[in-house]
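The values are calculated or read from the model by the stated rules, or taken from the named source; none is laboratory data. Note that the coordinates shown come from a computational prediction; the quantities given were computed from them, not determined experimentally. Cβ: placed from backbone, ideal geometry, glycine included. Neighbour counts: every protein chain shown. With ligands, DNA and RNA removed, areas are computed over all heavy atoms of the protein, side chains included. Shrake-Rupley method; radii C 1.70, N 1.55, O 1.52, S 1.80 Å.
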Amino acid sequence: MQIGRKDVLWSYAATFLQIGAGVILLPFVLKAFPQETMAIWTIFLTIITLSSMLDFGFNPSFARNVSYVVSGVKKLKKTGHLLVENNNTGEIDYSLFKGLINAMRWFYGRAALVLFILLVTAGTYYITIILRNYSYSHTEVYISWAILCIINSYSLYTLYYDSLLQGQGLVKRAKQIQAIAQIVYLLVAVVMILLQFNLIAVVSAQALSVIIRRVLSYYTIYTADFKRHLHGVIAQSRKEILKLISPNAVKLGLTGLGGFLATRSAIIIGSLYLSLDVIASYGITIQIIAIVSALSSVYFLTYQPKIAQYRTQSNLYEVKRLYLKACLLLFATFVFFGTGLIGFGDWLLSLIGSKTPLLPKSFVAFALFVFLLETNHAVAGGFLLTKNEVPFFKASLISGATAVVLLFVFLNYTQMGVWALILAPGIAQACYQNWKWPMVVVKELNKSYIKTI
């Protein structure tokens, strides 16, 4: 597995392109979408995030185990990271690899079916409730919602392509595919918005982007050489592989659910209490801060498969070096872009004629701080995952449940308004998770480093 500077550069390029596409598209969206429509799109984005919860932690677990297999591991374990045996030549066990692929297909086929049923039933009912106070075309929203239901189910069904790309260290190629898909998304969305399709334009562009990304991913993974290695090989038991992967995957899924409840449920719950105009401003503010968060963790996510490989080789020095560099870049990114957002965010939105303003600067500053702490402990958690252990799933669930309770309390019994949407998760996470997992990682690395010198 080779991951180097080109992979990091492509990761940043793809992320910048995603941001750049958003920046280019933003004037069209903000000019074309009334505030209420912007709120509906924000709710759509949150439901997309919620839909990903049906992956239930299997995607990173699958990717991590793919990394183990391509590193030469011959047998998977429920817990604990695996070591490559000294007499192992590093050759891939394609029987194990084929069984792992079969397990991924089986799981995602059933998960996608469950997602589709939930979206067309409970999801449609929720959208119907939101539209009671919506002043514009309900037909447009329902058509967009139908497209969203179909494309999200397809995206989940083919999600194991991402596990295969990431697990095999094909970071550069994965980011190139992401860049191509993002360019298609931008071009189609802009043209359709100019043709006044509005919400349907953005959803349709997303659908085409997902399809192109999956098709290109398939042809990248299933090369003639890869098919030849898999052909005729008797796959190891899908059931046994799922049994080995499931414990940590389920824990990770519960962690993801807790994370969603803590940081993303505010949109869904808040839309039942606050006006769509307020939700629109909150949504655009959080979306921009989320971009800063995503950019700050690019380096770590790029090298996460490499960290897993270094663990199989007991190369603790390189593990520590990569983690510390990732943390440094994370903090630098938040300081640089956060300062720019606070200082120039309102001016830039007014410059493009946005119908949806940012929330006050005090809110933006506090939200940046909350996201910084959240991203920092998420990176620490991702680092702990490379040990094939999930120690934080209970804490994540408790934090998520606490955030939801605080949201209902603040929205029902106080006059906090939109501040409740960021204070509730901020308080819930600060009580434990924000400091616990970074502290665990620091202690482990210091102890491990001393042992190696």
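Counting just the residues of the stretch 114-150 that are of a type in the set (S, T, N, Q) and part of a helix (DSSP H, G or I), which one comes out most open to solvent (accessible area, probe 1.4 Å)?
Residues of the stretch 114-150 of a type in the set (S, T, N, Q): 121, 124, 128, 133, 135, 137, 139, 144.
Imposing the further condition that a residue be part of a helix (DSSP H, G or I) reduces the set to 121, 124, 128, 133, 139, 144.
Details: T121: 77, T124: 40, T128: 55, N133: 121, T139: 90, S144: 0 Å².
Taking the candidates together, the pick is N133.
Can you name the residue in the stretch 151-184 that is among the hydrophobic types (A, V, I, L, M, F, W, C), in a helix (DSSP H, G or I) and touching an Asp or Glu at 6+ places or on another chain (Cβ under 9 Å) and, of all such residues, is modelled with the lowest pLDDT? If you could, list the steps in order and put the result at the bottom.
Of all residues in the stretch 151-184, those among the hydrophobic types (A, V, I, L, M, F, W, C) come to 151, 156, 159, 164-165, 170-171, 174, 177, 179-181, 183-184.
Now drop any that are not in a helix (DSSP H, G or I), which leaves 151, 156, 164-165, 171, 174, 177, 179-181, 183-184.
Checking which are touching an Asp or Glu at 6+ places or on another chain (Cβ under 9 Å) leaves us with 156, 171, 174.
On the way: L156: 92, V171: 70, A174: 81.
In this case the residue turns out to be V171.
Can you pull out every residue in the stretch 264-287 that is in a loop (DSSP other than H, G, I, E, B) and under 14 Å from I422 (Cβ atoms)? It would help to see each step written out before you state the result.
To start, the set of residues in the stretch 264-287 that are in a loop (DSSP other than H, G, I, E, B) comprises 264, 271-275.
The answer is R264, L274.
Scanning the stretch 354-398 for residues that are among the hydroxyl-bearing types (S, T, Y) and closer than 21 Å to A424 by Cα, which turns out surrounded by the most Cβ atoms within 10 Å (Cβ to Cβ)?
S396
Please name all residue pairs, on different chains or six or more residues apart, with Cβ atoms under 9 Å, provided the first residue is in the stretch 212-233 and is over 21 Å from Y157 (Cα atoms) and the second residue is among the β-branched types (V, I, T) and at pLDDT below 90.
H229/I92
Go through the stretch 430-444 and give me each residue that's over 23 Å from L324 (Cβ atoms) and crowded, with 23+ Cβ neighbours inside 10 Å.
Going through the stretch 430-444, the residues over 23 Å from L324 (Cβ atoms) turn out to be 430-432.
Across the stretch 430-444, there are no qualifying residues.
Name the single residue, out of those in the stretch 11-34 being surrounded by 21 or more Cβ atoms within 10 Å (Cβ to Cβ) and not aliphatic (A, V, I, L, M), that is modelled with the highest pLDDT.
Checked the stretch 11-34; the qualifying residue modelled with the highest pLDDT is F33.
Please work out which residue is nearest to L76 (Cα to Cα), limiting yourself to the stretch 291-323 and to residues that are open to solvent by 10 Å² or more (accessible area, probe 1.4 Å) and free of Cβ contacts under 8 Å to residues at least 60 places away in the same chain.
Checking each candidate, the answer is Y310.
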